Amino acid sequence: MKRFVMTAAILGLMTSGAALADGMDNAVGNTVRIIVNDAGEGFDVYFDAGGAYSDSMGRTGAIWSFDGQLCIVPPAESGADSNCGPWNEELAVGESWQTNGWSGDGSMITISILEGRGHDAPTPPTPPAE
């Protein structure tokens, strides 16, 4: 079933063409900074117009889509589940907003858009203790 869902998502992205970036125009080609705690820990995310997703923590091979909400589909071999959440289509480069729509525990994150790419990424979040 996972393979079917992944294949359907990829085919959907391939056929959506230029419409893919609608709603995500503010993020494509820029750096989206995600700060996850008061210590300023976080990571940078990169969205490409063709649907590719990567981030400063080394995660690559994922794809993204936007249809009222932003969905990230990790590569099938990662074993990770897709994740969807809110996206602020009105957020301009240089602006930030906060949301708790991406965490299962209701914690707030701050999302900022930095112009272009090549910024020094923030300190990655500390993994939870096992």
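Table for the structure above
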item: Per residue, the convex hull volume that the Cα atoms of segment 51-130 enclose (Å³); result: 132 Å³
item: Per-pair calculated FRET efficiency, R0 = 35 Å: ASN100 and ALA49 via Cβ, rounded to 0.05; result: 0.80
item: More than 18 Å apart - percent of Cα-Cα pairs taken over segment 20-80; result: 36 percent
item: Neighbourhood charge, 13 Å Cβ-Cβ cut-off, centred on ARG117 and excluding it, Lys, Arg +1 and Asp, Glu -1; result: -4
item: Separation in nanometres of the label points that stand 7 Å from Cα toward Cβ, at THR60 and ARG117; result: 1.0 nm
item: Simple label model, 7 Å out from Cα along Cβ direction - ASN83 to ASN37, nm; result: 1.5 nm
item: Translational diffusion coefficient (Stokes-Einstein; Kirkwood radius from C-alpha pairs) of segment 54-95 at 10 °C, 1.306 mPa s, in µm²/s; result: 136 µm²/s
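Bear in mind that the values in this text are calculations on the coordinates, not laboratory data. Given the structure is predicted, the values throughout are model-derived calculations rather than measurements. Quick reminder, even Gly has a Cβ in these numbers, built from the backbone with ideal geometry, and neighbours come from all protein chains shown.
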